[in-house]
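What follows is calculated from the coordinates using simple rules that are stated; it is not laboratory data. Small disclaimer: the values here were computed from a predicted structure and weren't measured. Note: ideal-geometry Cβ built from the backbone for every residue, glycine included; neighbour counts use all protein chains shown.
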Amino acid sequence: RRGNPVTVHFVNRDGEKITAKGSPGDSLLDLVINEDLDFDGFGACEGTLACSTCHLVFSEEVYEKLGPVTDEEMDMLDLAYGLTDTSRLGCQVCLTRALEGMEARVPESVADIRQTQDSSS
Ligand code: FES
């Protein structure tokens, strides 16, 4: 075991709160997958920084604890629909003890840039 689980409260698109626990070191995307959370279209590229469907919005206090944003994440975040100053990509945010009890809001809409690029399917 990698230590005590970290509790995360997700707020889904209907404003419902969903509480899940993940291991420190897991990403928020891992948590969504492992706990089988039903956020439609979330994590479409499976954490390879090729979509932006794992866009999550945080409070300022939480955002400051999330760690650095890479240029690659920044580029992809720029494409996220409804970007905020406290947005991150869930597949790039790893759980730490300091994040215990954090809240992560799933934005109402997602833009999967792969779908916009290929509208024929
Ligand atoms: Fe696609 Fe995070 S899952 S960028």
- request: Evaluate the following for Glu46: is it part of a helix (DSSP H, G or I), within 12 Å of the ligand (Cβ to nearest atom) and under 26 Å from Pro5 (Cα atoms)?
  value: no
statement: Within the range 64-88, the residues that are more than 10 Å from the ligand (Cβ to nearest atom), over 12 Å from the mean Cα position of the chain (by Cα) and outside any loop (DSSP other than H, G, I, E, B) are Glu64, Asp71, Met74, Asp75
message: Under 7 Å between Cβ atoms, which residue pairs at least 6 apart in sequence (or on different chains) link something in the range 73-90 that is at negative phi with a partner that is more than 10 Å from the ligand (Cβ to nearest atom) and assigned to a strand (DSSP E or B)?
response: Leu77/Ser87; Ala80/Ser87; Thr84/Val57; Thr86/Val57; Ser87/Val57
task: Report the residue count in the range 18-43 for those that are surrounded by 13 or more Cβ atoms within 10 Å (Cβ to Cβ) and either of a type in the set (S, T, N, Q) or part of a loop (DSSP other than H, G, I, E, B) (or both).
output: 11
task: Exactly one condition in (1) over 16 Å from Arg105 (Cα atoms); (2) part of a loop (DSSP other than H, G, I, E, B) is not met by Gly15; state its number.
output: (1)
